[in-house]
Amino acid sequence: MKSRNFDVVVLGAGAAGLFCAAEAGRRGRRVLVVDHARAPGEKIRISGGGRCNFTNIHASPGNFLSANPHFCISALKRFTAADFVARVDARGIAWHEKKLGQLFCDGPATQIVAMLTDDLAGTGGTLELATSVEDVARRPDGFDIRLSSGPVACSSLVIATGGKSIPRMGATGFAYRVAEQFGLAVTETRPGLVPLTFEPNLRERIAPLAGVSADARVSGGDTAFDEALLFTHRGLSGPAILQVSSYWREGDAIAVDLAPGIDIFAELRAARRSSGRQEAQTVLSRYLPRALAQFVVAEAGMAGPVAERNDAALRRLAELVHDWQVKPAGSEGYRTAEVTLGGVDTAGLDQKTMEAKSVPGLHFIGEAVDVTGWLGGYNFQWAWSSGWAAGQAV
Ligand code: FDA
């Protein structure tokens, strides 16, 4: 079968691939985007509870994890959150800030997918869905790609196939295999923004708390997040836990402050003075959900009136509220992880163009690269910024 020729072939019709392809198309490049899924931008569609948290107005390099924290600076500076908001505004998509700079569509997330696919179509680009990639090979002035629909050739090849999270939505380790095929390093990959699980004994003790949430400060190493925490049947979830999960390593403990900003020791002492016959859990339940107050008191072994407790005991109880050290047994893994940490090693890529330094014409963008954002719109911003950067160069 005769090979079809394109200037640019983008593998992966997710956020990064679609955005990059339209940028390249705007520059007059003939572009083909290929995806094995039946629909483009599936993760965009389900993101942000169906409303797509499409960026974060505070996005800066400090919100990203990477073996090289400087790598993302150039792309994030050249295509900013404000630049993407301008695109959304130009399209007439209504949005709102939910909290902490997180921007969501007012209506369905599919509006963002439609914007990206319309932009691509407007530049004359081709989108080929339900098409698998059988082989990628290099030739002197570009690449030959064997697709299930036949062979194609191109001078620039962009790998935008994402990471390993949510395999049932079409996630594969394809980008890492291509990187390795071309001699590029891949840093260790692991699930990020993922609920954490407990060992059976602790799981049993927290069972009555399933569904209970609280505003907390959760720390992993030097990084702390002030957001909601949610008890599940298996462990902990909620934004604070998802955030810290990206910093957590097996065997580490996380520190949970269940009443940030409140001096629980002072409150317990004051309660002992004013009405010492109160139960400790009654005092704590002014600041914590009742079931959680009950759990903390049981863990500390301090049921009974506060009047029976000396300062040292009250301090121990307060410490459990402010510095609950808990060692997760694991995470829920790629099945539910919102992102994949690690990926194509940035040491092998040009930060301005996302091009492999040793393989001219080969670019990696989006989640496939070892750049992972916090929860809150940062990962899409990386998809747009890295996609834009490659789109100017291919
Ligand atoms: P993405 O995964 O979007 O796209 C990759 C594409 O490649 C897919 O279409 C896939 O089918 C295709 N593909 C994979 N392997 C292939 C192969 N072998 N051959 C052909 N095609 C292949 N982020 C954020 O900023 N705000 C948010 O609100 C959310 N919400 C959210 C919710 C949920 C449930 C998840 C799982 C994730 C989020 N995220 C998020 C994260 C965000 O979705 C993610 O970071 C981006 O989609 C990454 O964009 P990419 O284009 O790099 O990969």
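Any residue in the stretch 114-122 that is in a strand (DSSP E or B) and surrounded by 20 or more Cβ atoms within 10 Å (Cβ to Cβ)? Working first, answer last.
Taking the stretch 114-122 and keeping what is in a strand (DSSP E or B), we get none.
Looking through the stretch 114-122, none of the residues is in a strand (DSSP E or B) and surrounded by 20 or more Cβ atoms within 10 Å (Cβ to Cβ).
Please count how many residues of the stretch 94-113 are within 15 Å of the ligand (Cβ to nearest atom), surrounded by fewer than 19 Cβ atoms within 10 Å (Cβ to Cβ) and among the aliphatic types (A, V, I, L, M).
Residues that pass the stated criteria total 1.
Have a look at Arg309, Arg315, Arg290 and point out the one that is buried (at least 18 other Cβ atoms within 10 Å of the Cβ), of a type outside the set (Asp, Glu) and over 30 Å from the mean Cα position of the chain (by Cα).
So the residue among Arg309, Arg315, Arg290 that is buried (at least 18 other Cβ atoms within 10 Å of the Cβ), of a type outside the set (Asp, Glu) and over 30 Å from the mean Cα position of the chain (by Cα) is Arg309.
Exactly one condition in (1) assigned by TED's automatic domain parsing to the domain that holds Arg45; (2) within 22 Å of the chain's Cα centre (by Cα); (3) crowded, with 17+ Cβ neighbours inside 10 Å; (4) not aromatic (Phe, Trp, Tyr) is false for Ala214; which is it?
Just one mismatch for Ala214, condition (1).
For the stretch 79-90, check the following and say yes or no: at least one residue is closer than 26 Å to Gly342 by Cβ, out of contact with any Gly (no Cβ under 9 Å at 6 or more places or on another chain) and not polar (S, T, N, Q).
Checking the stretch 79-90: at least one residue is closer than 26 Å to Gly342 by Cβ, out of contact with any Gly (no Cβ under 9 Å at 6 or more places or on another chain) and not polar (S, T, N, Q).
Of (1) over 12 Å from the mean Cα position of the chain (by Cα); (2) within 11 Å of the ligand (Cβ to nearest atom); (3) surrounded by fewer than 20 Cβ atoms within 10 Å (Cβ to Cβ), Gly387 satisfies all except one. Which?
(3)
If I go through the stretch 158-186 residue by residue, how many of them are under 15 Å from Gly12 (Cα atoms) and of a type in the set (D, E, K, R)?
Selection size over the stretch 158-186: 2.
Go through the residues of the stretch 72-80 one by one and say whether even a single one is in the same structural domain as Leu129 (by TED's automatic domain parsing) and within 8 Å of the ligand (Cβ to nearest atom).
There is no residue in the stretch 72-80 that is in the same structural domain as Leu129 (by TED's automatic domain parsing) and within 8 Å of the ligand (Cβ to nearest atom).
Within the stretch 173-211, can you find the residues that are buried (at least 18 other Cβ atoms within 10 Å of the Cβ) and basic (Lys, Arg)?
Within the stretch 173-211, Arg190 is the sole residue that qualifies.
Can you tell me which residues in the stretch 318-332 are surrounded by 20 or more Cβ atoms within 10 Å (Cβ to Cβ) and touching a Gly at 6+ places or on another chain (Cβ under 8 Å)?
The one that is surrounded by 20 or more Cβ atoms within 10 Å (Cβ to Cβ) and touching a Gly at 6+ places or on another chain (Cβ under 8 Å): Pro328.
For Gly304, only one of the following conditions fails: (1) under 35 Å from the mean Cα position of the chain (by Cα); (2) on the phi > 0 side of the Ramachandran plot; (3) touching a residue at least 12 places away in the same chain (Cβ under 8 Å); (4) surrounded by fewer than 21 Cβ atoms within 10 Å (Cβ to Cβ). What is its number?
(1)
Which residue, of Glu279, Glu227, Glu267, Glu250, is surrounded by 16 or more Cβ atoms within 10 Å (Cβ to Cβ) and under 23 Å from Leu375 (Cα atoms)?
Every option except Glu227 fails the conditions.
Could you please give the count of residues in the stretch 129-184 that are under 22 Å from the mean Cα position of the chain (by Cα), modelled with pLDDT of 95 or more and either under 18 Å from Ser358 (Cβ atoms) or charged (D, E, K, R) (or both)?
7
Restricting to the stretch 349-390, what's the tally of residues that are of a type in the set (Lys, Arg) and more than 13 Å from Ala75 (Cα to Cα)?
Of the residues in the stretch 349-390, 1 are of a type in the set (Lys, Arg) and more than 13 Å from Ala75 (Cα to Cα).
Look at the stretch 148-179 and say how many of its residues are out of contact with any strand residue (DSSP E or B) (no Cβ under 6 Å at 6 or more places or on another chain) and not aliphatic (A, V, I, L, M).
So in the stretch 148-179, the residues out of contact with any strand residue (DSSP E or B) (no Cβ under 6 Å at 6 or more places or on another chain) come out as 148-151, 162, 166-174, 177.
From what is left, the residues that are not aliphatic (A, V, I, L, M) are 148-151, 162, 167-168, 170, 172-174, 177.
Going through the stretch 148-179 one residue at a time, the tally reaches 12.
Could you list all residues from the stretch 35-53 that are β-branched (Val, Ile, Thr) and more than 6 Å from the ligand (Cβ to nearest atom)?
Residues of the stretch 35-53 β-branched (Val, Ile, Thr): 44, 46.
Across the stretch 35-53, the qualifying residue is only Ile44.
State which residue is nearest to the ligand (Cβ to nearest atom) when the search covers only the stretch 132-142 and only residues that are surrounded by 19 or more Cβ atoms within 10 Å (Cβ to Cβ) and under 22 Å from Ala22 (Cα atoms).
My answer is Val133.
Take the residues in the stretch 218-269 that are within 26 Å of Ala207 (Cβ to Cβ) and β-branched (Val, Ile, Thr), then tell me which one is farthest from the chain's Cα centre (by Cα).
Out of the qualifying residues, it is Ile264.
Could you grab me the full set of residues in the stretch 85-119 that are basic (Lys, Arg) and under 27 Å from Ala228 (Cα atoms)?
Lys98, Lys99
The values are calculated or read from the model by the stated rules, or taken from the named source; none is laboratory data. Note that this is a predicted model, so its numbers are computed, not measured. Counting neighbours? That spans all protein chains shown, and the Cβs are built from the backbone with ideal geometry, glycine included.
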